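Values in this text are rule-based calculations from the coordinates and carry no lab data. Bear in mind the structure is a predicted one, so any value in this text is a computation, not a measurement. When we count neighbours, we look across all protein chains shown, and the Cβ atoms used for this are built from the backbone with ideal geometry, even at glycine.
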Amino acid sequence: MIAGFIIGAFAVLPGVSGGVVAVLLGVYQKIIEAFNNFKCDKKNNVVFLTKTAVGVLIGVVLSSKILLKAFNLYYSELCYLFIGLILGTIPYFIKDCNKDGKFELNYITIFISLAISLIISIYFKNRFIYSISNNFISLLLSGILFAFGKIIPGISSSVLLNMIGKYEFYLELFSNPVSFINGNFKECIVIVFGVVLGILLSIKICSYMLKNYYSKMYNIILGFILSSLVIMYPNSVSITGILCLILGFCISFGISKIKIKK
């Protein structure tokens with residue numbers, strides 16, 4: 001549940017991918033396997049997926065109110081802290097990918113995925129291509145895109161929702177879920193249907209890639225992770241920012257060391 005909370009808490013931030021956070025926490029492949037092998041161990045998979053889903057939901061709701069406000073007050077410091085957290089986890093990420101000897105660094109693949117992620121994120125950051133009304137198709141599409149951003153590493157829900165003018169709509173939903181659902185019940189039903197459909201599609205895509213292109217998939221993810229460092233850079237340098245970066249690095253690197261020993 002804690003991992004789910006962290007995924008949800010950071011996933012609502014513009015440019016941050018929930019899938020990447022799940023990978024960095026070491027639970028991404030567990031989530032994929034729980035879906036793919038659901039019937040093999042229903043009880044444990046239901047418990048694991050339920051705890052993760054509840055954690056994500058709590059993280060999303062709380063962070064929509066707390067973390068986004070904190071970013072308004074301490075934007076630069078939190079950006080550096082998050083960059084440090086990512087940097088400290090990368091060595092463990094590479095080691096974990098190669099635990100079965102199937103992973104090999106491919107710098108060309110990493111560079112291509114990094115470049116594509118940067119181009120998409122920078123171009124669509126705080127930009128709306130078009131704003132569409134809350135009809136059935138737009139709400140269904142937004143639910144599917146939201147799920148893609150949570151499951152597929154490197155794809156940010158906020159960026160995808162920005163593209164169709166629905167980011168603020170979702171922030172309002174997560175900030176005041178009870179009152180929002182009461183006033184928009186039919187729309188929320190369509191969104192939930194879209195999210196479920198998006199989860200099923202993205203799980204199939206990711207499981208296929210991991211099964212047939214394991215090394216290439218994780219090289220692509222690594223490129224996305226590196227691009228998130230650039231996306232999170234606050235365009236300013238300060239002593240407090242550097243200290244936050246070092247703190248974040250020490251925290252995540254220390255946690256990674258504990259995981260490796262276990």
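Quick notes
- Applying D = kT/(6 pi eta Rh) to the stretch 182-262, where Rh is the Kirkwood radius over alpha-carbon pairs, T corresponds to 25 °C and eta to 0.890 mPa s, the Stokes-Einstein value obtained is 145 µm²/s.
- Sorting 188-196, 38-46 by their mean Cβ neighbour count within 10 Å, with the most densely packed peptide first, gives 188-196, 38-46.
- Couplings for the stretch 215-229, taken from phi via the Karplus curve 6.51 cos²θ - 1.76 cosθ + 1.60 with θ = phi - 60°, read 5, 5, 4, 6, 5, 5, 4, 4, x, 5, 4, 5, 5, 5, 5 Hz in order; Gly and Pro are left as x.
- Residue-wise HN-Hα couplings along the stretch 36-42, as the Karplus relation 6.51 cos²θ - 1.76 cosθ + 1.60 with θ = phi - 60° gives them from phi, are 5, 10, 4, 6, 5, 8, 4 Hz; Gly and Pro carry x.
- Compactness of the stretch 184-225, expressed as Rg and Dmax over alpha-carbon positions, Å: 14.8, 44
- Difference of contour (0.36 nm per residue) and Cα-Cα distance, V192 to S215: 5.0 nm
- Label-to-label distance, I205 versus C40, with points set 7 angstrom from Cα along the beta-carbon direction: 2.4 nm.
- Unsatisfied cross-links (Cα-Cα over 19 Å) in the set K51/K102; K30/K204; K166/K204: K51/K102; K166/K204
- Residues in the stretch 136-144 carry Karplus couplings, in order, of 4, 5, 5, 5, 4, 4, 5, x, 5 Hz; the curve used is 6.51 cos²θ - 1.76 cosθ + 1.60 with θ = phi - 60°, and Gly or Pro positions show x.
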